[in-house]
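> Take this structure first; my questions come after.
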Amino acid sequence: MTTSPAAPGTPARDVLTQAEAMARAANVANASYTISLSLRRGAETYEGDVTLEFDLGSAEGVFLDYRGKTIRALEVNGTAVGAPQWNGYRLELPASALRAGRNTVRVVYENEYDHTGDGLHQFVDPEDGEEYLYTNFEPYESHRLFPNFDQPDIKARYTLTVTAPAEWELITNSAEASRETLDDGRLRRSYVTTQPFSTYLFAMIAGPFHVFRDEHHGVDLGFFARRSLVKHVDTDELFEVTKQGLDFYADFFDYPYPFGKYDQVFVPEFNAGAMENVAAITHSERLVFRDPPTDNQRLGRAEVILHEMAHMWFGDLVTMRWWNDLWLNESFATFMAYLSLTEATRFKTAWQAFNAGMKNWAYRQDQLITTHPIAGEVPDTEATFLNFDGITYGKGAAVIKQLVAAMGMEGFREGMRRYFKRHEFSNTTLSQFLDALSEGVGRDLHEWARDWLETPSLNTVQASWESDGERISALSLAQTAPDGYPTLRPHHLEVALVRDSGSGAPSIEALPVDLAGARVEIDAAVGKPAPSMVFPNHNDHGFVKVALDDASMAWVRDHIDRIDDALLRQLIWQTLWNMVRDQQLKSTDYLALVGAKVATEQDKELIETILSTATATIARYVPEEQRTASAHRFFEEAWRALQAAPQGDLQIIWARALIGSAITHDDIRHLGRLVDGALSVPGLTIDQDMRWSVASSYVAYGLEGAAERVAAERERDPSDRGQRAALRCETSAPDPAVKAEAWRRFHEEGYGSLHMTSAAMGGFHWFIQRDILTPYVEQFFERVRGVFQAREVEFARSYFGGLFPGRVERSILERANALIAELGEDEVRLRRQLLEACDDLERAIKCREFAAS
């Protein structure tokens, strides 16, 4: 028997609702899976044989999730089912064959490999032709690999056997138990039965990986990379950070690492940064530095390693019951990663990086029209994708950071220790997390949670002060909230009093303040020397926007570079950037301030942050008629700074800014001379990413020698990175025929994998090609609904991100709003992306109008 999906009754979406999951979890218990997979090199499909054992309360309405090609056999409690009820996503189990109590179900099946970064992804290395496979399942994709109960609160044990080419490495959730060689030369490898964990954390990675081994306090450690990447893998730091993290977490949680061995695998064409599969973490190959990295990049990689490691406890050992508590996984892992960076590694300025990256992401997300509570509603698995955002990761972590600052680290640590011991290998809710934390800190946190976790948006805090000459006579803090989200929250803050004597660095005095209502008087400040500047969120404890008073703003414009506290300087720059976005500071004035101050800044994290906001300002917030001139001025400033920068990270940072700001023909030609060696900066190495960026600009601008430049770079870089970069160059050409063919392929056969198609989309839009691209504005709005209805989530997301018209024009805003008005209630993902695009676009329009006023 071979069964293909039945067409009648096929659901529009492969989705599991929370209500369905709750009903199934109430009926199913004590699940286990015995899985056998058969893999062959170069095949388009693979075979599977899975036996499920589980207890049932009732035999009615039981179904498995399975998305595959065919079912070859189905047995329920030893009885063959001749015609399985399977629509391609959901396999109904016949009630007549089930029983209350223990049940056994066997499914023999065949499936196709995936090429979207989810399911069981297949990749062929263009350099050596080697094949690599890996799984990626969060939140609802494990049923692409084998039929199962695909929801987080039906945890199970897994016993896996894989038959695969003998020269392949296999990485799974547990250690290898045995192996035997088959007649066809393949190896059959069996693995130790696992501890209980959720289906989305199952992993199977295969291919001729190079393996790096080490051991730490009885835990076997492994890093795996494609053979063609081995020369770029710097194992010393990778193992060092891994060992530091394991020690820190085991001590902090008073709970040793729970899953035996600890493997980490760099995988190609990965959609996310990393995935916390139990004992088999997958990392994007972006963490393998093919070009010389800055120390900021190394810090970022260490954060990813420690973030995924924190999930081994929070997420894997103890797992949320449903996806509405996804923030429990991600916020906690984010906070713990940055805490461990500062406490256990050499990256002692990690909280500054947190502010520049995660927290800025959260601030932007929380000001969008689509803002949502940290702990939001997730009615089905598809809605889970909507909450993989800055609020889930950054705001949640910032709120935990503020709570720890207010309540104390010891209480927080004690609460977490109780939580893991009480709920090990089980599922929890937000309430259970708060119960354990409340016991640790000695205070009921449920009211705090209502204010911070269950309400959206953020507050703005501003200081007001008076002096009687040389002394403060009054100082207060006030907070406000947006009209649509009027919650005033409790804030634990430090207020910085910055005093400038005129010589040397200004002094900084910090006063602790608890702001619970609309306003609080700071009596402790009365009588102290008058400040030159007041900053209400010193040391970045609060998740708030800061509005500077007039006197402080005037001082900052002239003297920000004299403050010797890098984090405070960064917080002030962040405030200035928010003022640009809120039409309180003209974009052109902000760029002038950047030009006057950034060249003397020495903090690398802060320089990168400032340059990033300046580039974004030029692209979106400067009036169109001033954009080219502003970009050229910035290019010239970056060129001068690059020539003056010492060898090392600062040169790399300024070189990247230089390349990113070039939007005139002459500036791009200048870059060409730098890449070709006609211009040089002593000590600077032009890396391959820089070379590809310049090559794509040459193509997009139709400059002489563009084709030869691309060919030379492709010869220099035959890797998968070079393959994607060359494809981006191809679609960048200012040729209507090239654009038409690319547009056709986006909607039809694509370019192979999702990552290749996304690379092609990345070359489609260039602001210099306005006339050629005008026809595709309306075509995008005509086609995007169909894409979201028919294509997978990751493809639709890439399509929108790569092809939404990037022009800052009211006509685009009006057309997008018109489409929103047409959408049905079930078009949630497209509505969300359109709303956010409109929000960003309307802000950009207002900023341009304000700057031109």
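> At Ala80 and Ser473, where each label point lies 7 Å from the Cα along Cα→Cβ, what is the point-to-point distance in nanometres?
Calculated label separation equals 9.7 nm.
> Quick check: from the Cα gyration tensor, does region 667-733 come out rounded (a/c under 1.5), prolate or oblate? Don't jump to the answer; show the numbers that get you there.
Details: a/c = 2.18, a/b = 1.27, b/c = 1.72.
It is oblate, given that a/c is not under 1.5 and a/b is not larger than b/c.
> Here is a further query. According to the square roots a ≥ b ≥ c of the eigenvalues of the Cα gyration tensor, what is the shape class of region 141-247, taking rounded for a/c under 1.5, prolate for a/b larger than b/c otherwise, and oblate for the remainder? Don't jump to the answer; show the numbers that get you there.
On the way: a/c = 1.82, a/b = 1.18, b/c = 1.54.
Verdict is oblate for region 141-247.
> To the nearest 10 degrees, how steeply does helix 604-616 sit against the main Cα axis of the chain, on a 0 to 90 scale?
Its long axis makes an angle of about 90 degrees.
> Which residues does a label at Arg640 reach in region 562-592, if reach means a backbone N under 13 Å from a point 7 Å past the Cα toward the Cβ?
Residues passing the 13 Å test: 592.
> Further question on the same structure: Which length gain, in nm to one decimal place, applies between Asp589 and Thr235 when the Cα-Cα distance is subtracted from 0.36 nm times their residue separation?
Values: separation 354, 0.36 × 354 = 127.44 nm, distance 4.55 nm.
That pair, Asp589 and Thr235, stretches by 122.9 nm at full extension.
> Next question. Taking only protein heavy atoms and a 1.4 Å probe, what accessible area per residue, in Å², does region 355-478 have with all protein chains in place?
Working: 4400 Å² over 124 residues.
About 35 Å² of surface per residue is accessible.
> Using a probe of 1.4 angstrom, how much of the accessible area of region 476-624 is carbon and sulfur, in percent?
On the way: 2760 of 5480 Å².
Roughly 50 percent of what the probe reaches on region 476-624 is carbon or sulfur.
> Between Ser853 and Arg40, what is 0.36 nm times their sequence separation minus the Cα-Cα distance? Round to one decimal in nm. Numbers along the way, then the final one.
Values: separation 813, 0.36 × 813 = 292.68 nm, distance 6.58 nm.
Result for the pair: 286.1 nm of gain on full extension.
> Provide the descending list of Cα extents for region 705-852 along its principal axes, expressed in whole angstroms.
Largest first, region 705-852 extends 48, 41, 24 Å along its Cα principal axes.
> PRE reach from Thr685 (point 7 Å along Cα→Cβ): which of region 720-763 fall under 18 Å by backbone N?
722, by backbone N distance to the label point.
> On to the next question. Give the angle, between 0 and 90 degrees and rounded to the nearest 10, that separates the Cα long axis of helix 18-27 from the longest principal axis of the Cα atoms of the chain.
Approximately 40 degrees, to the nearest ten.
> So for the chain, averaging the separation of alpha carbon pairs under 8 Å that are six or more residues apart and normalising by length, what relative contact order in percent results?
Relative CO of the chain lands at 8 percent.
> What is the helix-to-structure angle for 235-253, meaning the angle in degrees between its Cα long axis and the longest Cα principal axis of the chain, kept from 0 to 90 and rounded to the nearest 10?
90
> Ok, one more. Volume per residue, Å³, of the convex hull around the alpha-carbon atoms of region 302-446?
Working: hull volume 15.7 nm³, N = 145.
Spelled out: Cα convex hull of region 302-446, divided by residues, is 108 Å³.
> Do any GluC sites (Glu not before Pro) in region 148-232 lie in a loop, going by DSSP, with at most 16 other beta-carbon atoms within 10 Å of their beta carbon, and if so which? The partial results should precede the final answer.
Working: sites: Glu167, Glu169, Glu176, Glu180, Glu215; in loops: Glu167.
Passing both the DSSP loop test and the Cβ count: Glu167.
> So what's the back-of-envelope 222 nm ellipticity for the chain, counting only DSSP H runs of four-plus at -39500 (n - 2.57) apiece and dividing by all residues, rounded to 500?
For the chain, the value works out to -13000 deg cm²/dmol.
> Right, something else. Modelling each spin label as a point 7 Å along the Cα-to-Cβ direction, I'd like the Glu625/Arg102 distance in nm, to one decimal.
Calculated label separation equals 8.2 nm.
> Oh, and also: Given an 8 Å cut-off on Cα distances and at least 6 residues of separation, report the relative contact order of region 58-172 as a percent. Numbers along the way, then the final one.
Numbers: 173 pairs, mean separation 29.9, N = 115.
Once divided by the residue count of region 58-172, the mean separation gives 26 percent.
> Which entry in (i) 49; (ii) 34; (iii) 39 is this structure's computed percent of Cα pairs over 43 Å apart?
Here the calculated entry is (ii).
> Still on this model: Give me the number: length gained by fully extending Arg745 to Arg13, i.e. 0.36 nm times residue separation minus the C-alpha to C-alpha distance, one decimal in nm. Numbers along the way, then the final one.
Numbers: separation 732, 0.36 × 732 = 263.52 nm, distance 2.40 nm.
Length gained between Arg745 and Arg13: 261.1 nm.
> How far apart, in nm, are the 7 Å Cα→Cβ label points at Val211 and Glu176?
Rounded to a tenth, the inter-label distance reads 0.5 nm.
The values are calculated or read from the model by the stated rules, or taken from the named source; none is laboratory data. Remember, it's a predicted structure, so these values are computed and weren't measured experimentally. No Cβ is skipped: glycine too gets one built from the backbone with ideal geometry, and neighbour counts run over all protein chains shown. For accessibility, only protein heavy atoms count, side chains too; no ligands or nucleic acids. Shrake-Rupley method; radii C 1.70, N 1.55, O 1.52, S 1.80 Å.
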